[in-house]
Amino acid sequence: MRAAQADVLAERTRRLLDEARYLNLATVSADGEPWVATLQYAWLGDPLRLVFGSAAVSQHGRDIAARPRVSGSLFVAGGDGGGLDVGALDGAQFSGRCTALTGGDLERYHGFFYEALFPDERERARWQLPPAELRAPAVHRLYLVEVERWWLVDTRTWEQDRIDRRLEVPLKQVQLG
């Protein structure tokens, strides 16, 4: 991949991660049943990781405990809501491994997650759960998705043939830090 192309893909990836407020996370239960949850998240680069909070007893929480492999998507619609602006649309899909954060990892990501979701200190104080309320046997958890593969919507040819394609972005070649 050329450096200029890697820069463009990294910029698109950063824009998506910054502007999309929610991700759709797909899981599979121990019995093989699929599930998708829409979750608010925070992200870190190099390597790409996504952090979200949820209840351990939720369907996706139980699925992750049984099968930590996940996939997901996020998108930004752009435009002013007055119609479809194909140039303003962008999206990504990913796959990776998801785990509930414990011990030192919980301590490491806790402050980052809440500061990213609630930049205003007063609002953060209102919603932030202390680490003790994010450890078993408490109901809530913080989860970490270690993204292994990342695809962007390939917008280069859609206007000609209307085929919705994806372009895999080699994360090792795209610096997000």
Inset, instruction - Would you check which residues across segment 2-45 are among the aliphatic types (A, V, I, L, M), at pLDDT below 95 and over 19 Å from Asp90 (Cβ atoms) and list them? - result: Ala3
Legend entry - Pairs, first over 21 Å from Trp43 (Cβ atoms) and modelled with pLDDT of 95 or more in segment 63-90, second among the aliphatic types (A, V, I, L, M) and surrounded by fewer than 16 Cβ atoms within 10 Å (Cβ to Cβ), C-beta under 8 Å, six or more apart: Asp63/Ala30; Ala66/Ala30; Arg67/Ala30
Inset, instruction - Filter segment 38-59 for residues that are more than 27 Å from Gly177 (Cα to Cα) and without any contact (Cβ under 8 Å) to a residue 60 or more places away in the chain and give the result. - result: Ser58, Gln59
Inset, instruction - Name every residue in segment 37-70 that is crowded, with 20+ Cβ neighbours inside 10 Å, touching a Leu at 6+ places or on another chain (Cβ under 9 Å) and not aliphatic (A, V, I, L, M), in order of residue number. - result: Tyr41, Trp43, Phe52, Gly53, Ser54, His60
Inset, instruction - Return the only residue of Arg165, Arg122 being of a type outside the set (A, V, I, L, M), more than 22 Å from Leu44 (Cα to Cα) and modelled with pLDDT of 95 or more. - result: Arg122
Legend entry - Residue check for Leu167: part of a loop (DSSP other than H, G, I, E, B) and surrounded by 13 or more Cβ atoms within 10 Å (Cβ to Cβ): no
Legend entry - Matching residues, segment 19-37, being touching a residue at least 12 places away in the same chain (Cβ under 8 Å) and not hydrophobic (A, V, I, L, M, F, W, C): Glu19, Arg21, Tyr22, Asn24, Thr27, Ser29
Inset, instruction - Could you pull out the residue among Ala20, Ala4 that is among the aliphatic types (A, V, I, L, M) and surrounded by fewer than 17 Cβ atoms within 10 Å (Cβ to Cβ)? - result: Ala4
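Condition (residue is more than 17 Å from Arg15 (Cα to Cα) and in a strand (DSSP E or B)) applied to segment 149-160: is it met by at least one residue?
Within segment 149-160, the subset more than 17 Å from Arg15 (Cα to Cα) is 149, 156-160.
From the residues that got through so far, the ones that are in a strand (DSSP E or B) too are 149.
Among the residues of segment 149-160, at least one is more than 17 Å from Arg15 (Cα to Cα) and in a strand (DSSP E or B), which makes the answer yes.
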Legend entry - Residues being out of contact with any Phe, Trp or Tyr (no Cβ under 9 Å at 6 or more places or on another chain) and farther than 17 Å from Glu168 by Cα - total across segment 3-23: 1
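The values are calculated or read from the model by the stated rules, or taken from the named source; none is laboratory data. In this text, all values refer to a predicted model and were calculated from it rather than measured experimentally. Neighbour counts run over all protein chains shown; Cβ positions are idealised from the backbone, glycine included.
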